[in-house]
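The next block holds one structure in the form of structure tokens; read it before the comments.
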Amino acid sequence: MREYKIVVLGSGGVGKSAITVQFVQGIFVEKYDPTIEDSYRKEQFTAMRDLYMKNGQGFVLVYSITAQSTFNDLVDLREQILRVKDTDSVPMVLVGNKCDLEDERVVGKDQGQNFARTYGMHTFVESSAKAKVNINEIFFDLVRQINRRTPEQKKKKKKSTCQLL
């Protein structure tokens, strides 16, 4: 079975862990529990993030539709990915998370669509880890992008080494 290295990135509190846990385990984690970025000193985290980016095949860029600053952070994040990967294009999905909180929305759907179009991203979706909206689509689409870019190599059949005695 093929293995994919997908990196989920975004500002703190946007729902990166919630999206991932919802996809992998099918459950929603209600309580915000700051993950890796908060557990390390800034320089250690930056080095780790660069390593994740270098090894990643595809990227999920997440912002919260309820926090403009998380959307504003995406330009730098995308540029950092491309710089670390030393390329001008990489499989990427833009995700506006927390679409179940429509009454708290501050980032319009059109802003997400325009960002994706401006930066050549093939996919933009709004999601809700809580309501399980578009969670599978995020990862399925990213895997399709990775597969188009790097089709799986056919394994060479080993020559049969039968000997008659």
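Calculate, in nm to one decimal, what residue 143 and residue 30 gain on full extension: separation in residues at 0.36 nm each, minus their alpha carbon distance. It would help to have the intermediate numbers written out before the result.
Values: separation 113, 0.36 × 113 = 40.68 nm, distance 2.70 nm.
Using 0.36 nm per residue and subtracting the Cα-Cα distance, I get 38.0 nm.
How much length would be gained if the chain were fully extended between residue 85 and residue 55, taking 0.36 nm per residue of separation minus their Cα-Cα distance, in nm to one decimal? If you can, show how the numbers build up before the last one.
Numbers: separation 30, 0.36 × 30 = 10.80 nm, distance 0.83 nm.
Fully extending the segment from residue 85 to residue 55 adds 10.0 nm.
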### Query
Across region 127-134, in residue order, what do the Karplus-derived ³J(HN,Hα) couplings come to in whole Hz, using 6.51 cos²θ - 1.76 cosθ + 1.60 with θ = phi - 60° and x for Gly and Pro?
9, 9, 5, 5, 8, 6, 9, 6
### Task
Find how much the distance from residue 75 to residue 4 grows on full extension, using 0.36 nm per residue of separation minus their present alpha carbon separation; answer in nm with one decimal.
23.1 nm
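Read the figures in this text as sums done on the coordinates, not as results from a lab. As the structure is a computational prediction, the values presented were derived from the model and not from experiment.
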